[in-house]
Amino acid sequence: MRTIVALPGDGIGKVVLPESIRLLSAAGFNAEYVNGDIGWEFWIKEGNPLPQRTVDLLEKHKIGLFGAITSKPKSDAEKELSPDLKGKGYVYFSPIVSLRQKFNLDICIRPCQSFKGNPLNFIRKNSSGGFEEPLVNAVIFRQNTEGLYAGVEWTNPPADVRTALETHPKMKFFKDVPSEEMAISTRIITKHAATRIIKAAFEYAKKYGYKNVTVCEKPNVLRETSGMMLSIAKAKAKEYPGISLWDTNIDAQMMWMTKNPEDYGVIVAENMFGDIISDGFAGLVGGLGFACSANLGDEVAVFEPTHGSAPKYEMLNPSIVNPIAMFLSACMMLDHIGENAIAAKIRKAIAKVVEEGNVKTYDMMKIRGGADVFKQGAASTLELTDAVIAAL
């Protein structure tokens, strides 16, 4: 029997993860789940949102299924620490980012695919004055450990950092700015990591029959970092003669994706740009309630919905949130470990429930979230899970 590390995290993660496990069991996936401590609760109590005991569990079992995380700015995080920990040098850092870096989960895959009948799907006017609903089937490959999210940054940079940066001619513009009035974040991309994510994107396109891979960067401005991504992609594309290489700038891509989203297949980008573009495409297929992801390393893999912890909904009972993103993340886990038949069965059941339209959470009804959504006909998290289980 396989062991899965269950990482509920914060907020609605504590709701959608148990429902996902219930669905997995109903679909015939036989596994043991061990709980991993992660999130805001452990930051407050221990000064560490990712305790070593949780790292040890993932090192042992290799597969994690993750709910959601709460992250707050540095000053707010410090205020919420337990009184006996304040002033002792504890610094908050996102535990999911820490996991990605600890286990080198450098390949992030975020599918954004339409479900037929989803009332939240992207539509547009056609030339005859009617409407059309193009099929969106984009898969974003996000480099997960480098770029702007690598965490190499300073407020009030120390003298040696300032001196090193001032060897670059562009720093002349900031020569009169005092260091204490300056914050600096770096964007670091390495050839090894860029090659891995670009190769993974092409391999995925080859495996699943996509006709193009798009590099979404900004090489006309970020000449070094985005330039490296694009040059590596051009070299790698020669190994895949049946797949076209496209390149787009991140700003233009955000426009084009709402004009002709069906044109795009596999998209690859640096960490922040991948985050942006995947949320953009998720909005075309139903929003974050349908947005799933995989974080893959050489040995460890963690699967998670891309939505946040939505703490304002955590205490609502019954829960109102859409668990489909969590379900689809679980399906990605199943695919990863070779349980493709069970994954396909769950996806088919989800598609059936969405297309029939009889059971919809508040977001699928396009109403504002709150305790009164049930009076307007919205289903609870539990009821949607029940519907998908029934459709199995």
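Values computed for the structure shown
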item: Residue within the stretch 279-300 that is under 18 Å from LEU382 (Cα atoms), in contact with a Cys (Cβ under 6 Å, 6 or more places away or on another chain) and crowded, with 24+ Cβ neighbours inside 10 Å present; result: no
item: Check on LYS116, surrounded by fewer than 19 Cβ atoms within 10 Å (Cβ to Cβ), farther than 29 Å from GLY47 by Cα and basic (Lys, Arg); result: yes
item: Qualifying residue in the stretch 214-235 (condition: assigned to a strand (DSSP E or B) and of a type in the set (Asp, Glu)); result: yes
item: Single residue of GLY9, GLY67, GLY39 found to be touching a strand residue (DSSP E or B) at 6+ places or on another chain (Cβ under 9 Å), surrounded by 21 or more Cβ atoms within 10 Å (Cβ to Cβ) and closer than 20 Å to LEU384 by Cα; result: GLY67
item: Selection within the stretch 194-211 - over 13 Å from ILE109 (Cα atoms) and either β-branched (Val, Ile, Thr) or surrounded by fewer than 16 Cβ atoms within 10 Å (Cβ to Cβ) (or both); result: THR195, LYS206, LYS207, TYR208, GLY209, LYS211
item: Candidate set: the stretch 237-254, residues that are more than 21 Å from the chain's Cα centre (by Cα) and assigned to a helix (DSSP H, G or I); chosen: the one surrounded by the most Cβ atoms within 10 Å (Cβ to Cβ); result: ALA237
item: Residue pairs meeting the criteria (Cβ under 6 Å; at least 6 apart or on separate chains; first within 22 Å of PHE327 (Cα to Cα), in the stretch 369-392; second basic (Lys, Arg) and part of a helix (DSSP H, G or I)); result: ALA391/LYS352
item: Residues of the stretch 118-159 satisfying the condition of being among the small types (Gly, Ala, Ser), over 23 Å from the mean Cα position of the chain (by Cα) and on the phi > 0 side of the Ramachandran plot; result: GLY129
item: Hey, LYS234 without any contact (Cβ under 8 Å) to a residue 40 or more places away in the chain, surrounded by fewer than 21 Cβ atoms within 10 Å (Cβ to Cβ) and closer than 13 Å to THR195 by Cα or not; result: yes
item: Test: residue in the stretch 343-356 that is more than 21 Å from VAL15 (Cβ to Cβ), assigned by TED's automatic domain parsing to the domain that holds LYS14, touching a residue at least 24 places away in the same chain (Cβ under 8 Å) and not in a helix (DSSP H, G or I); result: no
item: Every residue from the stretch 159-204 that is part of a helix (DSSP H, G or I), under 19 Å from GLY297 (Cα atoms) and of a type in the set (A, V, I, L, M, F, W, C); result: ALA193, ALA194, ILE197, ILE198, ALA200, ALA201, PHE202
item: Only listed residue being part of a helix (DSSP H, G or I) and of a type in the set (D, E, K, R), chosen from GLU262, GLU299; result: GLU262
item: Answer from PHE29, PHE66 - the residue that is touching a helix residue (DSSP H, G or I) at 6+ places or on another chain (Cβ under 8 Å), assigned to a loop (DSSP other than H, G, I, E, B) and not hydroxyl-bearing (Ser, Thr, Tyr); result: PHE29
item: The stretch 273-298, residues that are among the aliphatic types (A, V, I, L, M), modelled with pLDDT of 95 or more and under 11 Å from the mean Cα position of the chain (by Cα); result: ILE276, ILE277, ALA282, ALA291, ALA294
item: Residue that is hydroxyl-bearing (Ser, Thr, Tyr), without any contact (Cβ under 8 Å) to a residue 60 or more places away in the chain, at negative phi and crowded, with 16+ Cβ neighbours inside 10 Å, where the choices are THR214, THR306; result: THR214
item: Filter pass, LEU316 being aliphatic (A, V, I, L, M), within 30 Å of GLU355 (Cα to Cα) and assigned to a helix (DSSP H, G or I); result: no
item: Count - residues of the stretch 62-92 that are in contact (Cβ under 8 Å) with a residue 12 or more places away in the chain and either more than 20 Å from the chain's Cα centre (by Cα) or closer than 11 Å to GLY47 by Cα (or both); result: 11
item: Members of the stretch 34-84 that are among the aromatic types (Phe, Trp, Tyr) and over 16 Å from PHE303 (Cα atoms); result: TRP40, PHE42, TRP43
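Every residue, every condition in (1) modelled with pLDDT under 95; (2) crowded, with 18+ Cβ neighbours inside 10 Å; (3) among the hydrophobic types (A, V, I, L, M, F, W, C); (4) under 30 Å from ALA344 (Cβ atoms), yes or no:
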site: HIS61; (1), (2), (3), (4): no, no, no, yes
site: ILE109; (1), (2), (3), (4): no, yes, yes, yes
site: ASN121; (1), (2), (3), (4): no, yes, no, yes
site: LYS125; (1), (2), (3), (4): yes, no, no, no
site: VAL136; (1), (2), (3), (4): no, yes, yes, yes
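The values are calculated or read from the model by the stated rules, or taken from the named source; none is laboratory data. What you are looking at is a predicted structure, and each value in this text was computed from that prediction instead of being measured. Note that we place each Cβ from the backbone using ideal geometry, even for glycine, and neighbour counts take in every protein chain shown.
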